[in-house]
Amino acid sequence: MNLNLLQQFDDLPDSALVSINTLSAYLERGVSTIWRDIKTDPAFPRPIRLSARCTRFSVGAVRIYLSQKAESSATGAA
């Protein structure tokens, strides 16, 4: 994982793609938990498969997801 990228996550453009390890560190959640969220939470950002062994996540999609979670938390929705 690129710690510099993690520190500058907020400066990345929405079009940037990050690895699951970077996403895991940013969200402070385990990689296996993220994969479980992908399977169980339809709102969770979908992975983008670039090749057989290369999966990335859109920074913009992550921001939208977190914003929606914050809004639903603020309004008391689950």
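The values are calculated or read from the model by the stated rules, or taken from the named source; none is laboratory data. The shown structure was predicted, so the numbers you read here are calculated from the model rather than taken from an experiment. Cβ atoms come from the backbone with ideal geometry, glycine included; neighbour counts cover every protein chain shown.
General remarks:
- Scanning the range 1-35 for residues that are more than 19 Å from GLN68 (Cα to Cα) and charged (D, E, K, R) yields one hit, ASP11.
- Unique residue being of a type in the set (Gly, Ala, Ser), touching a residue at least 12 places away in the same chain (Cβ under 8 Å) and loosely packed, with under 15 Cβ neighbours inside 10 Å when the list is SER73, SER15: SER15
- Given (1) crowded, with 16+ Cβ neighbours inside 10 Å; (2) of a type outside the set (Phe, Trp, Tyr); (3) on the phi > 0 side of the Ramachandran plot, number of the condition SER24 does not satisfy: (3)
- Residues of the range 63-77 satisfying the condition of being farther than 14 Å from PHE9 by Cβ and among the hydrophobic types (A, V, I, L, M, F, W, C): ILE64, ALA70, ALA74, ALA77
- In the range 34-62, of all residues being touching a Ser or Thr at 6+ places or on another chain (Cβ under 8 Å), farther than 15 Å from ASP14 by Cα and not polar (S, T, N, Q), the one that is surrounded by the most Cβ atoms within 10 Å (Cβ to Cβ) corresponds to ILE34.
- Enumeration of residues in the range 6-55 that are acidic (Asp, Glu), assigned to a helix (DSSP H, G or I) and modelled with pLDDT under 95: ASP10, ASP11
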